Amino acid sequence: MTGRWQSERTVPAFTLMSSDVCLGFDPDTFQLAIAGGLRPQALSVVLEAMDAAEKRVLFVSEDTRVMQTVRDRWPGIALLRQRENWLDTLVLVAGEILHRARAEAEARRLEQANASLERQALLGRYMLEMRHTLNNALTSVLGNSELLLLEPGKLSAGERSQIETIRNMSLRMHEVLQRFSSLEKELTVVDRQAGKESGAKSHVAAASL
């Protein structure tokens with residue numbers, strides 16, 4: 001099998017295992033298991049373990065009764081009959097299985113990335129919606145701290161230092177909120193520009209038809 005695969009452009013990494021040791025496999029280390037030539041007493045144990053790992057399994061046999069048994073008990077396992085040129089068929093089928101496995105893994109990765117982006121977008125929208133409320137609260141804090149600092153005789157040195165800290169931190173928070181507003185305007189401009197470009201492309205495509 002490995003020798004036949006050497007003639008292909010893409011050669012996967014193989015790990016050959018006997019039925020006596022394959023029960024301790026780590027399902028995260030492979031995408032496809034190819035099983036064949038199993039002893040009758042090992043068939044159920046091995047295929048049950050592979051099927052439970054929820055990995056793709058390709059079972060190869062020349063015995064039609066054994067293949068029917070596998071089809072009945074483990075319908076999720078792909079079957080391949082050992083007949084003429086079966087190695088060519090195995091390489092083709094296994095290659096398609098691996099290709100689909102990679103595509104599904106990439107789709108799951110993109111779904112997770114999209115979910116993360118949606119959470120971040122939700123947080124961003126919330127911050128933009130709340131910036132006016134926060135600005136109003138900061139304006140109140142900043143204004144009152146400035147008023148207190150205008151009456152130095154009523155404050156001790158420690159109190160004045162604390163109020164100055166409150167004023168300075170309020171100014172920093174105000175700057176952050178202003179940056180949110182600037183980002184919103186910048187993103188709005190980008191969205192409008194993207195919309196114009198998309199509309200232009202659609203118009204050109206329609207004209208070309």
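Quick notes on this one:
- Ranked from largest, the principal axis spans of the Cα set of segment 66-149 equal 93, 26, 18 Å.
- Förster radius 45 Å - calculated FRET efficiency between Ala194 and Ala49, Cβ distance, rounded to 0.05: 0.30
- For peptides 59-67, 111-119, sequence by mean Cβ density within 10 Å, most packed first: 59-67, 111-119
- 3J(HN,Hα) along segment 37-49: x, 7, 5, x, 6, 9, 4, 5, 4, 5, 5, 5, 5 Hz, from the Karplus curve 6.51 cos²θ - 1.76 cosθ + 1.60 with θ = phi - 60°, whole Hz, x for Gly and Pro.
- Distance between the pseudo-spin-label points of Ser182 and Leu117 (7 Å out from Cα toward the beta carbon): 2.5 nm.
- Nearest-0.05 FRET efficiency for Trp5 and Leu110, computed from C-beta distance (R0 35 Å): 0.75
- Separation between Cα centres of segment 73-93 and segment 149-182, rounded to whole Å: 74 Å
Since every read-out is calculated from the coordinates, none of them should be taken as a lab result. Nothing here was measured: the structure is a model prediction, and the numbers come from that model. Note: ideal-geometry Cβ built from the backbone for every residue, glycine included; neighbour counts use all protein chains shown.
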